[in-house]
Amino acid sequence: MEKRRVVITGMGVISSLGLNLNDFWSNIKSGKNGITLVERFNVENLPTKVAAVIKDFEPSDFMDGKEARRLDKYAQFAVAAAFEAYGASGLEKIEFDKTRMGVHVSSGIGGLETIEQQHNVFSEKGGKRMSPFTVTMMIANMGAGKIAIDLGAKGPAECVVTACASSTYAVGNAFRLIQWGDADVVVAGGSEAPITEFAMSAFAANRSISFEPDPNRACLPFDTHRSGFVMGEGGAILILEELEHALSRGAEIIAEIAGYGATCDAYHFTAPDPEGDGAYRCMENAIKDAGITPADIQYINAHGTGTQLNDKTETMAIRRLFGDAEKNISVSATKSMTGHSLGAIGALEAIITAQSVREGFVPPTINTTEIDPECNLSGIVLGNGINRDLEYALSNSFGFGGHNASLVIRKYR
């Protein structure tokens, strides 16, 4: 069976850099830092004190207040981003078969804030005082479930959980669902709300998070002085649509998903394969799936977390796969601006990559100034973004458990 082409017709963002796509993209292009000191709770006794915090999100601006109170913050982010993406796609203005519409929206952790709050209620007041909505607020699939309910999507709906690669898997699986003919439209992406005292303490204990208190020095992808990733939060949603379905209704097409690859290191809970083999095969599979060669890739939105091992092994994988062609590839690590929103970050970076291809602009890696010799990729864009006509770009996501996912995004012509 001939594979069907899959395009992006709408995108929505809730982020520390903006509560809509336009504001978010404008701040990405200008190299604004979305990482700040945490003021949501007292961090005096925490070793980590910064995060990419969303400070001005009001759920009632995006949804009914009563419904919002029955959703954990992660699900509120998901629904808000989905509403923007769906509205931008124009699908709400037409009649189409909703049994052919799916929802693939992931979260790495789910309702963490609810779990913490309700456990405190349980400990202090007993189980009878817990909210009857505790279960539905804390489970990780409820973002996807609520979006499906609100939009009337009756096709396949799921929440794949693969740590920091979760929403890239969601977009990739949605791509496959349409490509193979099982859906015509899929709402795809992820959301996360992990900025809590408990979660920041847990990642501090894990020692994967940066302890640097200066927001402008905390996240330094590929830098000699990098010290870990910085937590972020938010939601990112893409509307994927079969090409002919989009063309038949005159939709504006943002970009095309051309290929998807997913692998597992099968090596360690948290550390990547020391040779970068899983990342290498993941990128290779995505490129092969797109029917192109490594030399066709012009831009990579790197996973680029700012941790010692990830940046080193991702560099190794890129240099191994692209060989001499690596010198022609622009690379940026946009977590330097957005922070790392765990299960939501892959979709957020897919949106950045799609916008980059759409506009011919490569965003910067901010704050990084001294490239580690072991991370010396030729085309790392530092300081300010650059204009570059892009045909093919690659977005990488690698997560705890050895989960790897890559998307090839192509300019639509």
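The values are calculated or read from the model by the stated rules, or taken from the named source; none is laboratory data. Just so it is clear, the structure is predicted and the values come from calculations on it, not from any experiment. Cβ atoms come from the backbone with ideal geometry, glycine included; neighbour counts cover every protein chain shown. Protein only, heavy atoms only, side chains kept; ligands, DNA and RNA dropped before computing areas. Shrake-Rupley method; radii C 1.70, N 1.55, O 1.52, S 1.80 Å.
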From phi via Karplus (6.51, -1.76, 1.60), per-residue ³J(HN,Hα) for the range 203-216 in Hz, x at Gly/Pro:
5, 5, 5, 6, 6, 9, 9, 6, 9, 5, x, 7, x, 8
Expected output is a single nm value to one decimal: the length gained when fully extending between residue 93 and residue 275, i.e. 0.36 nm times separation in residues minus the C-alpha distance. What is it?
60.5 nm
Rounded to a whole %, the carbon-and-sulfur portion of the accessible area of the range 88-192 at a 1.4 Å probe is 55
Residues with beta-carbon under 11 Å from that of residue 5, excluding residue 5: net charge, scoring Lys, Arg +1 and Asp, Glu -1?
-2
Relative to the compact globular guide of 2.2 N^0.38 Å, what is the alpha carbon radius of gyration of the range 60-198, as a ratio?
1.11
Under 13 Å between alpha carbons, and skipping anything fewer than 8 positions from residue 154 in its own chain: which aspartates and glutamates qualify?
97, 182, 184
Report the convex hull volume per residue for the range 91-147, counting only C-alpha atoms, in Å³.
99
Simple spin-label estimate for residue 197 and residue 149 in nanometres, 7 Å along Cα-Cβ:
3.1
Taking 0.36 nm per residue of separation between residue 61 and residue 216 and subtracting their Cα-Cα distance, the length gained on full extension comes to 52.7 nm
I need the peptides 38-47, 152-161, 104-113 ranked by packing, meaning the mean over residues of other C-beta atoms within 10 angstrom, with the highest value on top.
104-113, 152-161, 38-47
Hull surface over four for the Cα convex hull of the range 230-359, reported in nm², is 8.9
antiparallel share of DSSP beta bridges within the chain, to nearest 5, in %, is 70
Taking N as the number of residues in the chain, what is its Cα Rg relative to 2.2 N^0.38 Å?
0.92
Describe numerically, in nm with one decimal, the distance between label points set 7 Å from Cα along Cα→Cβ at residue 225 and at residue 376.
2.0
